[in-house]
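Remarks on the structure that follows.
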Amino acid sequence: MIKAGIIGATGYAGNELARLLTGHRQAEVKWYGSRSYTGEKYSGVYRNMAGFTEELCRDDNLAELAEEVDVIFTATPQGFLAGVLTEEILSRVKIIDLSADYRIKDAGVYEKWYGIEHKSPQFIAEAVYGLCEINRESIRGARLIANPGCYTTCSILTAYPLVKEGLIDPDTLIIDAKSGTSGAGRGAKIPNLFCEVSENIKAYSVAVHRHTPEIEEQLGYAAGRPLTVSFTPHLVPMNRGILVTEYASLKRNADGSLPTAEQVREIYENYYADEAFVRLTGEECPETKWVEGSNFVDIGFKIDERTGRVILMGALDNLVKGAAGQAVQNMNLLFGLDETEGLGYVPLFP
């Protein structure tokens, strides 16, 4: 059995990790780390875990807790892991970090967008960006995984094949994204109160959202050059889910014609037909309700011949494929397990 620990276990992503790992046949949670609830029963903080664990929450002393496990998930705010990670810790345990501390390869870009100093830039180069469908082979041999964010996972996977194959002009890419409120975390914030969110939809962090450089960096690798995208997130009144709608200009074929739906579909199938957690919907629009509670991402598209653009659509559960589920998928790869272990859930409905 793989012995796992979760730091930040009392956040939404941390609890989702606990839920998923409880159903994992080859892993077990040895401790639940939480600075805010140290000494309290984990099942008292999250009653969904009643009957599954009697463990008390531990603190977040990474160096001490690393002695007891094979892998640590850090579902913590930006800056936590970068502030405590050492070579000694990494030599003893694998780490899957759900924050942005090691996602961006340029520490200066990270510091600009997140507004904090990066305390351990020496580990950035070796951290592997844990988007399994793209970086699977690099993940297998890693010590440190930078688990992608929810907006970024959906945005990147939806556009990646067409960027990689040069079917679109990536500098024309506009990403309109919408998220359920759990994406903002469990902390008490006035903008996330029921009366603020209910019966409302709003854009936020317009032109400055910190997932933007992460999307640009990863799609830039696909394009083979740096690129710039427009990314606008919105908050919608639901618990879970990410829906992205992306717009980009198509590159015309040699004869001057637009790529056909069949060409686009073939590219997606070449990349994703064998992926366990990517479901291609063709020209049918993905919906968040069909991925809720699962590790699936549904991807569809529609060509707009009138404007010469393609409209790309992706949907996933921000707490599963956008966070905890992807982290478990990364763990499975790190330890040579079936990639789908512990993740084979049919989406919840209704």
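For C57, the amide hydrogen comes within under 5 Å of the amide hydrogens of G39, E40, K41, Y42, counting only partners 5 or more places away or on other chains and with H modelled in the peptide plane.
Dipole magnitude for segment 65-214: computed about the Cα centre from +1 point charges on Lys and Arg Cβ and -1 point charges on Asp and Glu Cβ, it is near 200 debye. For the chain, the relative contact order works out to 17 percent when only alpha carbon pairs closer than 8 Å and six or more residues apart are counted.
The Cα trace of segment 101-228 gives Rg and Dmax of 16.2, 47 Å, the first to one decimal, the second as a whole number. Farthest towards the positive end of the charge dipole of the chain, among the residues F335, N239, C132, is the Cα of N239, using unit charges on the Cβ of Lys, Arg, Asp and Glu. Between R143, R225, R309, the residue with the greatest mean-square fluctuation in the GNM of the chain (Cα pairs under 10 Å linked by springs) is R225. Computed 3J(HN,Hα) for segment 283-298, one whole-Hz value per residue from the Karplus formula 6.51 cos²θ - 1.76 cosθ + 1.60 where θ = phi - 60°, is 8, 8, 6, x, 9, 5, 5, 8, 10, 4, x, 10, 9, 7, 10, 9, glycine and proline marked x.
How many percent of all Cα-Cα pairs in segment 151-318 sit more than 22 Å apart?
43 percent
Sorted by packing (mean other beta-carbon atoms within 10 Å per residue), highest first, where do 187-193, 318-324 land? Before the final figure, lay out each step's value.
Details: 187-193: 10.4, 318-324: 28.4.
For the peptides 187-193, 318-324, the packing ranking is 318-324, 187-193.
With contacts taken as Cα pairs under 8 Å and at least 6 residues apart, segment 151-318 reaches a relative contact order of 29 percent.
For K119, the lysines whose Cα falls under 18 Å of its own Cα, not counting residues fewer than eight places away in the same chain, are K105.
Our estimate of slack between A273 and S205, defined as 0.36 nm per intervening residue step minus the Cα-Cα distance, is 21.0 nm. In this simple spin-label model, placing a label point 7 Å from the Cα along the Cα-to-Cβ direction at both E55 and T307 gives a separation of 4.8 nm. Rg over Rh of segment 2-126, using C-alpha atoms and the Kirkwood radius, what does it come to? Here the Rg-to-Rh quotient is 0.99.
For M238, the residues whose amide H sits under 5 Å from its own are T181, ignoring neighbours fewer than 5 places away on the same chain, with H placed 1.01 Å from N. Rounded to the nearest 20 debye, the dipole size of the chain about its Cα centre is 540 debye, using +1 on the Cβ of Lys and Arg and -1 on the Cβ of Asp and Glu.
Computed on segment 1-138, with alpha-carbon pairs under 8 angstrom and 6+ residues apart, the relative contact order is 20 percent. Taking only the alpha carbons of the chain, we obtain Rg and Dmax values of 19.9, 69 Å in that order. With the helix formula -39500 (n - 2.57) applied to DSSP H stretches of n ≥ 4, the chain reaches a computed 222 nm mean residue ellipticity of -8000 deg cm²/dmol.
Take each of the peptides 153-160, 35-42, 2-9, average the number of other beta-carbon atoms within 10 Å over its residues, and list them starting from the highest.
Values: 153-160: 27.6, 35-42: 15.8, 2-9: 24.9.
Packing order, densest peptide first, comes out as 153-160, 2-9, 35-42.
Each of Q26 and K189 was given a label point 7 Å from its Cα along the Cα-to-Cβ line. The distance between the two points is 3.7 nm.
Evaluate the distance, in nm, between pseudo-label points positioned 7 Å from the Cα of F335 and of E283 along their respective Cα→Cβ axes. Rounded to a tenth, the inter-label distance reads 4.5 nm.
Relative to the Cα centre, the charge distribution of segment 186-293, modelled as +1 at Lys and Arg Cβ and -1 at Asp and Glu Cβ, gives a dipole magnitude of about 520 debye.
Over the Cα atoms of segment 220-288, what is the Rg over Rh ratio if Rh follows Kirkwood?
Values: Rg = 15.4 Å, Rh = 15.3 Å.
Rg divided by Rh gives 1.00.
A short reminder: the numbers here are calculations on the coordinates, not readings from a lab. Bear in mind that the values here come from a model prediction, so they are computed numbers and not experimental data. Cβ coordinates were reconstructed from backbone atoms using ideal geometry, including for glycine residues, and neighbour counts include every protein chain displayed.
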